[in-house]
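See structure below.
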Amino acid sequence: MNEQNQANFEAKIEADIQIEPKDWMPDAYRQNLIRQVSQHAHSEVIGMLPEANWLTRAPTLKRKAILLAKIQDEAGHGLYLYSAAETLGCSRQDVYQKLLDGKMKYSSIFNYPSLSWADIGVIGWLVDGAAIVNQVALCRASYGPYARAMVKICKEESFHQRQGYEAVTVLAKGTPEQKAMLQDAINRFWWPVLMMFGPNDSDSPHSAQSMAWKIKRFSNDELRQKFVDNTVPQVEALGMTIPDVDLQWDQSLGHYRFGEIDWKEFYQVLKGEGICNYERLNAKRKAWEDGEWVRTGAMAHSQKQKTVKSA
Ligand code: FAQ
């Protein structure tokens, strides 16, 4: 029976038929998806923190309303993704507890601080821009609930990216101080954004299997290259520069060549030693503890409703 199940599963993957929650799937496929989808959900909710840092200091009411809406969208993305992870049989509380205990990862990019208003524009433009390049590919992931969540998320991320680019365009056309603030934000975010795509393919332990299962459709390096190719002309259009002396267009390849990423820094951030790792997890732990009375109240209310219905 197991062999038949395995054969059916492989045939579906081969034929690009999506795997659904009630279908048989190999345990390793399930566990790999729980890992990736939960970490993706954690990234969305931790990603709210650097932006929230500027909510009370947004330069205009319009910018504040846009930022608030964007942060709420990220919360929504987290919720879709936790729901998608639950369809694989994990409990939301269990994966969330693993995040709080530092046993599950979230995207390295959110361990960098948001120091100026330009950082908020750059997060929308470059961080959401990188997220979209990665997530458009995931819209065709072999697991149905993950792929479908990605379609809606990408539509919203695409709005985020455009509003970020619009915000940086204003700064790029502004005073010398505004231009300098934008250049400083690009200088600090450029390399950490390239790290969002994960280690080089040769050092990526999950890639080969995830690509064979069609969870990932493109490799980390392919997506990183696509992002660089898309983004360099945007930086140039703004009249800004990229902090990479090795960056150059290669006519024969049809791609930009770029310098070596500081992988030592990447792995330090993954180990919890980035600038904001401690602050980010502490904020989430505090929110979880402070929310205890809400959870207790909601459980008591639901219990009461059940008693009323059965009476
Ligand atoms: N940060 O073998 P691989 C967003 C880990 S959403 C931290 O290559 P894989 C929206 C990896 O988990 C951004 N950890 O792994 C937003 C694994 O560790 P493990 C999040 C990283 O899974 C915008 C180990 O290294 N997007 O930004 C990172 O095949 C603005 C080995 O790596 C997603 O999560 C990293 N950068 O490929 C919100 C997309 N890279 O699990 C607010 C979905 C690697 O063995 C504001 N995820 N690691 O302990 C993916 O596409 C993949 O999981 C990759 C990594 C590409 C991230």
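Directionally averaged projected area (segment 1-100, Cα convex hull): 8.2 nm². Under the simplified labelling scheme, the residue 115-residue 245 pair shows an inter-label distance of 2.1 nm, with each label point 7 Å from Cα along Cα→Cβ. When the Cα convex hull of segment 183-251 is projected onto planes of every orientation, the mean area is 5.7 nm². The residues neighbouring residue 216, those whose beta-carbon lies less than 11 Å from its own, together hold a net charge of +1 under the Lys/Arg +1, Asp/Glu -1 convention. Taking only the Cα atoms of segment 116-235, the ratio Rg/Rh comes out at 1.04, with Rh defined as the Kirkwood radius.
Each listed q (0.14, 0.15, 0.18 Å⁻¹) maps to a log10 I(q)/I(0) for segment 222-311, found by the Debye formula over equal Cα scatterers with no solvent: -0.75, -0.80, -0.94. Using the Cβ of residue 115 as centre and a radius below 12 Å, the other residues enclosed give a net charge of 0, where K and R count +1 and D and E count -1.
Only Cα sites of segment 106-164 enter the Debye sum here, all with the same form factor; the resulting log10 I(q)/I(0) across q = 0.22, 0.26 1/Å is -0.85, -1.02, listed in q order. Across the chain, the convex hull enclosing all Cα atoms gives 163 Å³ per residue. If only the Cβ of Lys and Arg carry +1 and only the Cβ of Asp and Glu carry -1, the dipole of the chain around its Cα centre is close to 1280 debye. Extending 7 Å from Cα along the Cβ direction at residue 139 and again at residue 53 yields two label points whose distance is 3.1 nm.
The charge dipole of segment 1-90, taken about the Cα centre with unit charges on the Cβ atoms of Lys, Arg (+1) and Asp, Glu (-1), comes to about 800 debye, rounded to the nearest 20. Net charge in the neighbourhood of residue 200 (other residues with Cβ under 10 Å of its Cβ; Lys, Arg +1, Asp, Glu -1) is -3.
Only the coordinates and a few stated rules stand behind these numbers; no lab work does. This one's a predicted model, so the numbers in the text were calculated from it and none came from an experiment. Note: ideal-geometry Cβ built from the backbone for every residue, glycine included; neighbour counts use all protein chains shown.
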